[in-house]
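The values are calculated or read from the model by the stated rules, or taken from the named source; none is laboratory data. Just so it is clear, the model here is predicted, and its values are computed rather than measured. Note that we place each Cβ from the backbone using ideal geometry, even for glycine, and neighbour counts take in every protein chain shown.
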Amino acid sequence: MKCQTCGNDNAEDARFCTGCGASLSAPTANRMKERLRDKSRDGLIYALNSVGVKAEMAEPGRAEEKVEDSWYQRSLGVIDILEGSIRWINILKKDGSNNSPPRWWVVLGIPDERPVSTRQQTKIKTVRKKTFPLFGKVVDVIWKGYDGDTGLVNTLSKDVPTKTLAKRIGNLEVKSQANGFQGWTLTVDRRFSPTSQDWETVEKIAGYILSSPRSL
């Protein structure tokens, strides 16, 4: 084990450096913490950059970590997107228990300079129709919910690439946001590694949202 203070090589089970006497337990604890850390954010950043999307890890403590964060979830941190309509991603996790496995949500932030209604939140989501309930093959996807006269339910229900995306990666949900963050969120109900086609589709959805009629 190499001492982080003086660089001396020590036995793997050494508690203190034989060269300078510094404690070796803290670096070991840090390495263990890093080994156990959920690396979903790291994986998504790698996947995005691999398909040409410029993505960077944001510093911890960003306000976006609280967007769509419920009491049973925790944020794994924010990813900054440097180009396009989607400008950040927040990955949320519900830790597993003896009775249920862990779950993840990927929240994509779409800033909007136009005012967003504070009277009633626009909230729509996909409904995936299957050949058999629960375990059947997804054969169609439609959108339902309150779209605030934006026409998004109709627009997205007819869009073939959006249907294909939801069939492949999971349910999608669009919400307007007016508290703290002004704009919209597009949430995927599980982790995914986007292809270039996937990202083109989510940017297309963002374009539909930003160009939709607005009623305050």
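Within the group Gly77, Gly52, which residue is assigned to a strand (DSSP E or B) and among the small types (Gly, Ala, Ser)?
That would be Gly77, the only listed residue that is assigned to a strand (DSSP E or B) and among the small types (Gly, Ala, Ser).
Test of understanding: among Lys204, Lys175, which residue is among the basic types (Lys, Arg), more than 22 Å from Val51 (Cβ to Cβ) and either at pLDDT 95 or above or surrounded by 21 or more Cβ atoms within 10 Å (Cβ to Cβ) (or both)?
Lys175
Among the candidates Gly84, Gly96, Gly148, which residue alone is assigned to a loop (DSSP other than H, G, I, E, B) and over 24 Å from Asn179 (Cα atoms)?
Gly96
Considering only residues of segment 99-150 that are among the hydroxyl-bearing types (Ser, Thr, Tyr) and crowded, with 16+ Cβ neighbours inside 10 Å, which is modelled with the highest pLDDT?
Thr126
Return yes when Lys175 is under 21 Å from Asp69 (Cβ atoms), basic (Lys, Arg) and touching a residue at least 40 places away in the same chain (Cβ under 8 Å) and no when it is not.
The answer is yes for Lys175.
Out of Glu68, Glu56, Glu64, which single residue is surrounded by fewer than 15 Cβ atoms within 10 Å (Cβ to Cβ) and assigned by TED's automatic domain parsing to the domain that holds Thr185?
Glu56
Taking Gly183, is it among the small types (Gly, Ala, Ser), in contact with an Asp or Glu (Cβ under 7 Å, 6 or more places away or on another chain) and in contact (Cβ under 8 Å) with a residue 24 or more places away in the chain?
Against the criterion (among the small types (Gly, Ala, Ser), in contact with an Asp or Glu (Cβ under 7 Å, 6 or more places away or on another chain) and in contact (Cβ under 8 Å) with a residue 24 or more places away in the chain), Gly183 qualifies.
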